[in-house]
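Peer 1: Have a look at this one before I ask anything.
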Ligand SMILES: Cc1ncc(COP(=O)(O)O)c(C=O)c1O
C-alpha cells in the first residue's frame, strides 16, 4: 500500500480544511458535472446567474460538491472563489492553470487527473446558456 | 494534538535496543567481514550471530539464510533467481493476484522474457484456494509464489497446505512473509516452503535490510554477482550494522511476540467492531484469518486520500488503497482482486497497529474517524447512491 507525505501547498490544505462555497443549490441556473467515480474524482458546480444594471450576466452564487482527493476538493473550492461575482464571459476564461496557480501549485501528478474544477465551471455555464435558450424557445 | 501512528504495516520505528545494538558497527566496529584482521573478524562474528538468530527463529540452518538489501530484493532474488536457474526444466510460474508488487512485477517481467505466468484469483476475503494451485500446476511448473499474509487486507493464506501440494508435485514454493515475520510464528519445515522473504523494517528493525531463506537444495542464481558474499547469492560487502539490527529485532520478537499479538488482536478487534458501526463502512479481508494488527475498511461515497489527509490533519497516520494516492494512479490491485469496484476501492483505509499503540490511541481514532468520514460525505455529491442524478435533477430550475 502507498505511503503519502504532504505533497500539497499550504493554500491547498487551507481549502481542503475549510472548503468555500460548499454544498448543493436549490434552483440552480446551471449545473456542471465532470468526472467519474471510477477514476476517483467527481465534481458538481452549481451557479446562479443574474443580470447587472449594465445587462451583464453575473455569477451571483456558486456552490460545489466533490468526491475525490485533496486536490480535487481544493481546486473545486478555489474555482468557486475565482468565479463568484464574475460575468459568465469572464468566468469562461478561468483555466485549470489559473486554479492551480491560485493554490500555489499542485503536485505534477495531480495537474491532469484532479484539476477538473475549471471544466466543471465551464460546464455549468454552458448548461445555464442552453437552459436559457430553451426557455426562450418556449416563450416564442 | 495527539499523534497516533497506525501505519505499522508500512514501516515501524526502530526499537531503542535495536539502535543501541547497531551503533558500534558504524564507527567503531566498522570492519569488512571478509577481512582476516580483528576488525574483520568482529564484523564476521556479528554477521554469523545474526544469521544464527534468523535461522533459529524459523527452524532453518545457518547456511540457508541470505541477507539482502530489502524485502523487495529478497522477493526478486527468489523469483528471478529460481526462474533463471531452472529455465531448462520448465518455464511456468504460479502466483496470486494479491501479491505485493515486489513479487508481481518480477513475475510479469519474466513473462516478457518468455516465461509462462498463471495468476490465481482470490475469493472475497482474499484467500487463495489450495486446490486451484494444485490444478494450475503443470509438468513445466518450476515455482509457486503465494504470500504468507497480505500487506493491505491482512488475510493469512493457507500456506501449509499450498506448501504440501508443491512438495508433492516437486515444485519450488516461495512465500513472501514480510508482513508475518515477527507477528506469526514461522516454521519452514511445517510450512513446507523452499524460499521465504522477510524484511527488518516491519519488525522494529532498520530499513534496507532483508533476508531470503533458501532451502539448501534449491537451485537458484544470484541477481548480484561479485565477491561471492552470502554463499554467492548476494555479492557486496555486508551491511553489518543493518544485519546486526535485524538480528537484534528478531531476538526481541521472540520474547515479545505472544503477549503483544494478544494485545494487538484485542485493540484491533475493538477498532473493527466500532468502525463498521459507521454508516456504509465495510471491512475488507477475512473476519478471522487475518494479521493480528490489520484493519482495512472502505467507506462509501468518499475518497481515501482525502480521508487519510483529513485524519493526518487530526494527528492520525494511516494509509489507503485509493488510486489518488498511488504513483500509478490505479486503485489497489488487492482491493479490486477481492471484488471491490474501483469507486469502492477509492474509499479504502488501512489502519495497522503496532507495539507502541495503546487503548487510548484506538479510542482517539474512534473519536476522529467518524468525524472525518462525515465531513467528507458532506462534501461529496453522492448521498444515497452512486448515480447521483436522482437527487440532482430536482435542483435545476424548471
Ligand atoms: C508483503 C510485502 N512484501 C514486500 C515488501 C517490501 O519490503 P521492503 O520495503 O523491505 O523492500 C513489503 C513492504 O513494503 C510487503 O509488505
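The values are calculated or read from the model by the stated rules, or taken from the named source; none is laboratory data. All values derive from a computational prediction rather than experimental measurement. Heads up, the Cβs are rebuilt from the backbone with ideal geometry, glycines too, and the neighbour counts pull from every protein chain shown.
Peer 1: Since residue B:238 meets every condition but one in (1) surrounded by 19 or more Cβ atoms within 10 Å (Cβ to Cβ); (2) not assigned by TED's automatic domain parsing to the domain that holds residue B:54; (3) not in a helix (DSSP H, G or I), which condition does it not meet?
Peer 2: Among (1) surrounded by 19 or more Cβ atoms within 10 Å (Cβ to Cβ); (2) not assigned by TED's automatic domain parsing to the domain that holds residue B:54; (3) not in a helix (DSSP H, G or I), the lone unmet condition for residue B:238 is (2).
Peer 1: Just need a number here: residues in segment B:122-139 that are under 25 Å from residue B:74 (Cβ atoms) and either assigned to a loop (DSSP other than H, G, I, E, B) or within 16 Å of the ligand (Cβ to nearest atom) (or both).
Peer 2: 5
Peer 1: Residues that are modelled with pLDDT of 95 or more: list the helices (runs of 4 or more DSSP H) wholly contained in segment A:72-140 that include at least 1 such residues.
Peer 2: Values: elements: A:88-92, A:96-102, A:108-113, A:117-139.
So the answer is A:88-92, A:96-102, A:117-139.
Peer 1: Something else: Return the residues of segment B:191-200 that are within 14 Å of the ligand (Cβ to nearest atom) and either part of a helix (DSSP H, G or I) or within 14 Å of chain A (Cβ to nearest Cβ) (or both); say none if nothing qualifies.
Peer 2: Scanning segment B:191-200 gives a single hit, B:200.
Peer 1: Here is a follow-up. What strands (runs of 3 or more DSSP E) lie completely within segment B:278-392 and have 3 or more residues being buried (at least 24 other Cβ atoms within 10 Å of the Cβ)?
Peer 2: B:294-299, B:348-352
Peer 1: I've got another one for you. Would you mention how many residues in segment B:1-35 are within 14 Å of chain A (Cβ to nearest Cβ) and over 23 Å from the mean Cα position of the chain (by Cα)? Before the answer, list the steps.
Peer 2: Let us first name the residues in segment B:1-35 that are within 14 Å of chain A (Cβ to nearest Cβ), namely B:1, B:5-12.
With the extra rule that they be over 23 Å from the mean Cα position of the chain (by Cα), the set shrinks to B:1.
Total meeting the criteria: 1.
Peer 1: Okay, moving on. What is the residue count in segment A:47-66 for residues that are part of a strand (DSSP E or B) and either more than 7 Å from every other protein chain (Cβ to nearest Cβ) or modelled with pLDDT under 95 (or both)?
Peer 2: Result for segment A:47-66: 13.
Peer 1: So, one more: What's the number of the condition residue B:99 fails, among (1) within 16 Å of the ligand (Cβ to nearest atom); (2) farther than 30 Å from residue B:365 by Cβ?
Peer 2: So residue B:99 meets the others, but not (2).
Peer 1: Related question: Of the numbered conditions (1) more than 14 Å from every other protein chain (Cβ to nearest Cβ); (2) within 28 Å of residue B:251 (Cβ to Cβ), residue B:178 satisfies every one except a single condition; which is it?
Peer 2: It fails just one condition, (1).
Peer 1: Kindly check whether there is at least one residue in segment A:1-16 that is more than 10 Å from chain B (Cβ to nearest Cβ) and assigned to a strand (DSSP E or B).
Peer 2: No, there is no match, as no residue in segment A:1-16 is more than 10 Å from chain B (Cβ to nearest Cβ) and assigned to a strand (DSSP E or B).
Peer 1: Looking at this structure, is residue B:146 within 13 Å of the ligand (Cβ to nearest atom) and out of contact with any helix residue (DSSP H, G or I) (no Cβ under 9 Å at 6 or more places or on another chain)?
Peer 2: Against the criterion (within 13 Å of the ligand (Cβ to nearest atom) and out of contact with any helix residue (DSSP H, G or I) (no Cβ under 9 Å at 6 or more places or on another chain)), residue B:146 does not qualify.
Peer 1: In segment B:112-129, what residues are over 20 Å from the mean Cα position of the chain (by Cα) and in contact (Cβ under 8 Å) with a residue 12 or more places away in the chain?
Peer 2: Residues satisfying the conditions are B:114, B:115, B:116, B:117, B:118.
Peer 1: Please work out which one of (1) within 14 Å of chain A (Cβ to nearest Cβ); (2) in contact with a helix residue (DSSP H, G or I) (Cβ under 7 Å, 6 or more places away or on another chain); (3) away from the ligand (no atom under 11 Å from the Cβ) is the condition residue B:155 fails and give its number.
Peer 2: (2)
Peer 1: Of the conditions (1) within 12 Å of the ligand (Cβ to nearest atom); (2) away from every other protein chain (no Cβ under 14 Å); (3) under 14 Å from residue B:67 (Cα atoms), residue B:207 fails just one. Which one is it?
Peer 2: Answer for residue B:207: the failing condition is (2).
Peer 1: Okay, moving on. I need the full set of residues from segment B:303-331 which are more than 7 Å from chain A (Cβ to nearest Cβ) and more than 16 Å from residue A:113 (Cβ to Cβ), in order please.
Peer 2: Listed by number, the residues that qualify are B:307, B:310, B:311, B:312, B:314, B:315, B:316, B:317, B:318.
Peer 1: On to the next question. Need pairs with beta-carbon distance below 7 Å; first residue over 22 Å from residue B:261 (Cβ atoms) and within segment B:183-211, second more than 15 Å from the ligand (Cβ to nearest atom) and assigned to a strand (DSSP E or B); sequence gap 6+ or separate chains.
Peer 2: B:192/B:173; B:194/B:172; B:194/B:173; B:195/B:172; B:195/B:214
Peer 1: Confirm whether residue A:8 is farther than 17 Å from residue A:127 by Cα, in contact with a helix residue (DSSP H, G or I) (Cβ under 9 Å, 6 or more places away or on another chain) and surrounded by 22 or more Cβ atoms within 10 Å (Cβ to Cβ).
Peer 2: Against the criterion (farther than 17 Å from residue A:127 by Cα, in contact with a helix residue (DSSP H, G or I) (Cβ under 9 Å, 6 or more places away or on another chain) and surrounded by 22 or more Cβ atoms within 10 Å (Cβ to Cβ)), residue A:8 qualifies.
Peer 1: I'm trying to understand the selection: among the residues of segment A:17-38, which are crowded, with 16+ Cβ neighbours inside 10 Å and more than 7 Å from chain B (Cβ to nearest Cβ)?
Peer 2: Initial filter on segment A:17-38 (crowded, with 16+ Cβ neighbours inside 10 Å): A:19-22, A:24-25, A:28-35, A:37.
Matches in segment A:17-38: A:20, A:21, A:30, A:32, A:33, A:34, A:35.
Peer 1: Any residue in segment B:201-211 that is surrounded by fewer than 19 Cβ atoms within 10 Å (Cβ to Cβ) and part of a loop (DSSP other than H, G, I, E, B)?
Peer 2: Yes, segment B:201-211 contains a residue that is surrounded by fewer than 19 Cβ atoms within 10 Å (Cβ to Cβ) and part of a loop (DSSP other than H, G, I, E, B).
Peer 1: Yes or no: segment B:169-190 includes at least one residue that is buried (at least 24 other Cβ atoms within 10 Å of the Cβ), part of a loop (DSSP other than H, G, I, E, B), more than 13 Å from the ligand (Cβ to nearest atom) and assigned by TED's automatic domain parsing to the domain that holds residue B:55.
Peer 2: No.
Peer 1: Under 9 Å by Cβ, and 6 or more places apart or on different chains, what pairs join a residue from segment A:93-107 that is in contact (Cβ under 8 Å) with a residue 60 or more places away in the chain with one that is exposed (fewer than 13 other Cβ atoms within 10 Å of the Cβ)?
Peer 2: Final answer for the pair search is A:104/A:10.
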